[in-house]
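The values are calculated or read from the model by the stated rules, or taken from the named source; none is laboratory data. Worth saying up front: this structure is predicted, and the values here are computed from it rather than measured. Backbone-built Cβ (ideal geometry, glycine too); neighbour counts: all protein chains shown. With ligands, DNA and RNA removed, areas are computed over all heavy atoms of the protein, side chains included. Shrake-Rupley method; radii C 1.70, N 1.55, O 1.52, S 1.80 Å.
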Amino acid sequence: MQILRQQIANELNYSCKFDSKHLAAALDNVNEAILSDIQAHYKDPSLPCPKEDNTLLYEITAYLEAAGTHNPLNKIYITTKQLSFFPVVNFLFLITQIPKLQYSKNLGMTCKKPADAIDWPPLVLGLLTLLKQFHSRYTEQFLALIGQFIRSSMEQSTSQKIPEMPADVVGALMFLEDYVHFTKLPRKVVDAHVPNFIFDEFRTIL
């Protein structure tokens with residue numbers, strides 16, 4: 001559903017820029033201005049910020065969605081409660097799926113066995129969307145667990161003098177790369193958990 005939402009948003013945004021470029025530019029400018037005001041308010045509460053009863057945010061959201069300017073992956077669809085060990089459960093789910101996949105230079109991440117029928121983009125976007133519905137600290141804990149898994153796997157392969165990067169590590173790094181790409185997170189978020197030299201070696205494999 002998220003992939004379909006992205007495709008629809010891209011088509012709407014392209015049509016809006018083609019048919020009404022002035023409207024598209026105006027929406028982009030207003031959106032950036034509001035976001036800048038909100039970010040400035042959180043840094044300095046004395047600065048003005050749209051209040052909760054202000055209809056501007058709801059109205060501009062409707063326009064942005066109609067023009068395809070929004071990102072469905074950043075949207076919160078449901079309200080959630082705090083769940084213990086939720087990042088751990090998602091991490092365990094991910095590392096049980098990665099061994100079923102392999103990297104192909106032509107196709108990316110594909111199933112080792114056709115019977116497994118795991119599709120990589122829905123797997124990444126599904127976990128991304130699920131974590132987005134919860135507090136951001138869950139995402140931070142989830143990424144930290146993946147980073148710990150990668151570091152420990154690399155240390156184990158080094159101690160055993162295995163020359164090649166383990167396949168599970170390649171899959172985990174590919175997940176992090178795609179996760180950062182789709183969420184538009186800054187690189188420093190991932191670099192905090194995985195050393196740069198591991199990513200450098202990973203890119204040479206790609």
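Just give me the residues in region 80-116 being in a loop (DSSP other than H, G, I, E, B), without any contact (Cβ under 8 Å) to a residue 12 or more places away in the chain and loosely packed, with under 10 Cβ neighbours inside 10 Å, in sequence order.
81, 84, 106, 107, 114, 115 - these are the residues of region 80-116 that are in a loop (DSSP other than H, G, I, E, B), without any contact (Cβ under 8 Å) to a residue 12 or more places away in the chain and loosely packed, with under 10 Cβ neighbours inside 10 Å.
Filter region 36-60 for residues that are closer than 23 Å to residue 6 by Cβ and at pLDDT below 85 and give the result.
57, 58
Exactly one condition in (1) more than 23 Å from residue 75 (Cβ to Cβ); (2) open to solvent by less than 60 Å² (accessible area, probe 1.4 Å); (3) in contact with a Leu (Cβ under 9 Å, 6 or more places away or on another chain) is false for residue 142; which is it?
Of (1) more than 23 Å from residue 75 (Cβ to Cβ); (2) open to solvent by less than 60 Å² (accessible area, probe 1.4 Å); (3) in contact with a Leu (Cβ under 9 Å, 6 or more places away or on another chain), only one is false for residue 142: (1).
Under 7 Å by Cβ, and 6 or more places apart or on different chains, what pairs join a residue from region 16-34 that is over 27 Å from residue 51 (Cβ atoms) with one that is assigned to a loop (DSSP other than H, G, I, E, B) and open to solvent by less than 50 Å² (accessible area, probe 1.4 Å)?
From region 16-34, the pairs are 16/67; 16/68; 24/67.
For region 48-67, which positions are assigned to a helix (DSSP H, G or I) and either touching a Lys or Arg at 6+ places or on another chain (Cβ under 6 Å) or within 18 Å of residue 20 (Cβ to Cβ) (or both)? Full working, then the answer.
The first filter runs over region 48-67 and keeps only residues assigned to a helix (DSSP H, G or I), leaving 56-66.
Within region 48-67, 59, 60, 62, 63, 64, 65, 66 qualify.
Please specify each residue of region 21-43 satisfying the condition of being open to solvent by 50 Å² or more (accessible area, probe 1.4 Å) and polar (S, T, N, Q).
Of everything in region 21-43, those that are open to solvent by 50 Å² or more (accessible area, probe 1.4 Å) and polar (S, T, N, Q) turn out to be 29, 36, 39.
Picking from 163, 87, 114, 121, which residue would you name as being farther than 17 Å from residue 193 by Cβ and at pLDDT 90 or above?
Only one candidate passes the filter, namely 121.
Could you pull out the residue among 94, 101 that is within 15 Å of the chain's Cα centre (by Cα) and closer than 26 Å to residue 7 by Cα?
On inspection, the qualifying residue turns out to be 94.
Would you point out which residue out of 158, 110, 129, 139 is of a type in the set (S, T, N, Q) and more than 20 Å from residue 93 (Cα to Cα)?
158
Counting only residues that are under 16 Å from the mean Cα position of the chain (by Cα) and among the acidic types (Asp, Glu), which one in region 150-206 is most open to solvent (accessible area, probe 1.4 Å)?
Once the filter is applied, the top-ranked residue is 191.
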